[in-house]
Amino acid sequence: MASTQALKGRIRSVSSTKQITKAMELVAASKMRRAQDATKASSPYTVAATSLLANLAGHVSVQTHPLFEQRTVKSRLFVVIASDKGLAGAFNSNIIRMYANELKADDTAGIANKTITIGRKAAQFVARIKDTEVVGSYQDTPDRPDGYELRAILDTAKDMFEAGEVDAVDVIYTDYVSSMTQQARITRLLPAGISHEPTASEVKDVLYEPSPEEVLDGIVYRLVGAQLFQALLDSRASEHSMRMMAMRNATDNASDLIEDLTLAMNKARQGAITQELSEISGGVEAMND
């Protein structure tokens with residue numbers, strides 16, 4: 001059994017760790033609430049944008065537009081959204097696992113791929129992979145990316161798709177369902193409108209003024225951007241939520257460990273006292289003899 005002093009030292013160490021994890025839990029909870037409000041506020045617009053893109057894709061008049069053009073996929077671009085920091089439970093490992101599975105599937109099908117990484121953890125993983133071209137890497141992005149950062153990512157994807165360098169653009173992110181449920185997901189951004197199936201009532205004849213090209217050039221870019229923006233918001237809300245839960249579990253585990261160590265220390269102390277009493281009693285008996 002460990003000595004009383006050694007157990008006291010371990011209790012102090014675990015207590016210090018518990019204070020840190022508790023503070024990190026509170027910080028993550030605060031960030032999660034703000035990120036949660038942001039993703040819920042933009043979700044209705046994104047749902048409407050996705051439905052509208054699917055609606056537009058069903059019209060013959062727009063199928064010749066560059067961003068709606070469906071081609072045989074010989075090369076595709078991944079936009080992988082992870083975090084800059086760890087200690088977020090399975091947040092990063094779920095994204096990396098899905099990304100790795102997609103790479104294996106592409107390798108089996110003979111499909112080339114390129115990658116844009118968002119988050120330091122994604123960049124670190126991709127850097128260790130052979131035969132994968134990184135065309136962009138973004139780190140330390142805020143919970144609500146500004147227009148410049150979003151346009152930089154979106155413009156790269158759009159230009160590569162229009163130039164025929166890639167035949168599809170997929171974003172891998174974590175969908176925020178609730179504070180207790182988050183799910184890694186892959187969604188196709190380009191060609192536009194194929195990530196959602198419209199109902200029969202959604203597809204109607206539409207007249208475009210002044211022309212389909214001018215209307216589509218103006219709105220498709222924004223609608224696809226809304227999908228990417230929502231993926232970023234969902235990922236941030238999921239990250240903070242999973243970090244909060246991970247830190248809460250760590251704090252609870254520290255509390256349990258402190259209780260176990262305290263019990264062991266009390267037993268060690270009781271054993272030492274019992275031994276001292278036995279030695280005293282033995283000494284008294286020896287003197288009486």
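Residue-by-condition table, conditions (1) assigned to a helix (DSSP H, G or I); (2) surrounded by 13 or more Cβ atoms within 10 Å (Cβ to Cβ):
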{"site": "Q36", "(1), (2)": "yes, yes"}
{"site": "S43", "(1), (2)": "yes, yes"}
{"site": "T72", "(1), (2)": "no, no"}
{"site": "K104", "(1), (2)": "yes, no"}
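Can you list residue pairs whose Cβ atoms sit under 9 Å apart, with the first residue in the stretch 97-119 being on the phi > 0 side of the Ramachandran plot and the second being among the aromatic types (F, W, Y)? Count only pairs 6 or more apart in sequence or on different chains.
Here the result reads G119/Y138, each pair linking the stretch 97-119 to a residue that is among the aromatic types (F, W, Y).
For the stretch 145-187, enumerate the residues that are assigned to a strand (DSSP E or B) and out of contact with any Lys or Arg (no Cβ under 9 Å at 6 or more places or on another chain).
Q182, Q183, R185, I186, T187
What are the residues in the stretch 124-144 that are touching a residue at least 12 places away in the same chain (Cβ under 8 Å) and assigned to a helix (DSSP H, G or I), if any?
F125, V126
Among the residues of the stretch 105-122, which ones are more than 19 Å from A152 (Cα to Cα) and of a type in the set (S, T, Y)?
Across the stretch 105-122, the qualifying residue is only T108.
When you go through I118, I96, I111 one by one, which is the residue that is hydrophobic (A, V, I, L, M, F, W, C) and more than 30 Å from L26 (Cα to Cα)?
From the options I118, I96, I111, the qualifying one is I111.
When you scan the stretch 4-16, do you find a residue that is assigned to a helix (DSSP H, G or I), without any contact (Cβ under 8 Å) to a residue 60 or more places away in the chain, more than 21 Å from V166 (Cβ to Cβ) and hydroxyl-bearing (S, T, Y), even just one?
Checking the stretch 4-16: at least one residue is assigned to a helix (DSSP H, G or I), without any contact (Cβ under 8 Å) to a residue 60 or more places away in the chain, more than 21 Å from V166 (Cβ to Cβ) and hydroxyl-bearing (S, T, Y).
Looking at V169, V224, can you tell me which residue is at pLDDT below 90, surrounded by 14 or more Cβ atoms within 10 Å (Cβ to Cβ) and of a type in the set (A, V, I, L, M)?
Testing whether each residue is at pLDDT below 90, surrounded by 14 or more Cβ atoms within 10 Å (Cβ to Cβ) and of a type in the set (A, V, I, L, M) leaves just V224.
Check K114, K121 and return the single one that is among the charged types (D, E, K, R), at pLDDT 90 or above and not in a helix (DSSP H, G or I).
K114
Go through the stretch 145-177 and count every residue that is in contact (Cβ under 8 Å) with a residue 40 or more places away in the chain and either under 26 Å from V27 (Cβ atoms) or aromatic (F, W, Y) (or both).
Of the residues in that region, 7 qualify.
Does A152 satisfy the condition of being farther than 29 Å from R222 by Cβ, surrounded by fewer than 22 Cβ atoms within 10 Å (Cβ to Cβ) and at pLDDT below 90?
no
Within the stretch 79-92, can one find any residue that is within 21 Å of E162 (Cα to Cα) and not in a loop (DSSP other than H, G, I, E, B)?
Yes, the stretch 79-92 contains at least one residue that is within 21 Å of E162 (Cα to Cα) and not in a loop (DSSP other than H, G, I, E, B).
List the residue pairs whose Cβ atoms are under 6 Å apart, where the first residue sits in the stretch 232-249 and is closer than 14 Å to R34 by Cα, the second is of a type in the set (A, V, I, L, M) and at pLDDT 90 or above, and the two are 6 or more positions apart or on different chains.
Pairs found: S235/I81.
Residue check: is Y208 surrounded by 10 or more Cβ atoms within 10 Å (Cβ to Cβ), at pLDDT below 85 and not in a helix (DSSP H, G or I)?
yes
The values are calculated or read from the model by the stated rules, or taken from the named source; none is laboratory data. These numbers come from a predicted model, not from an experiment. All Cβ positions, even for glycine, are placed from backbone atoms using ideal geometry, and neighbour counts span all protein chains on display.
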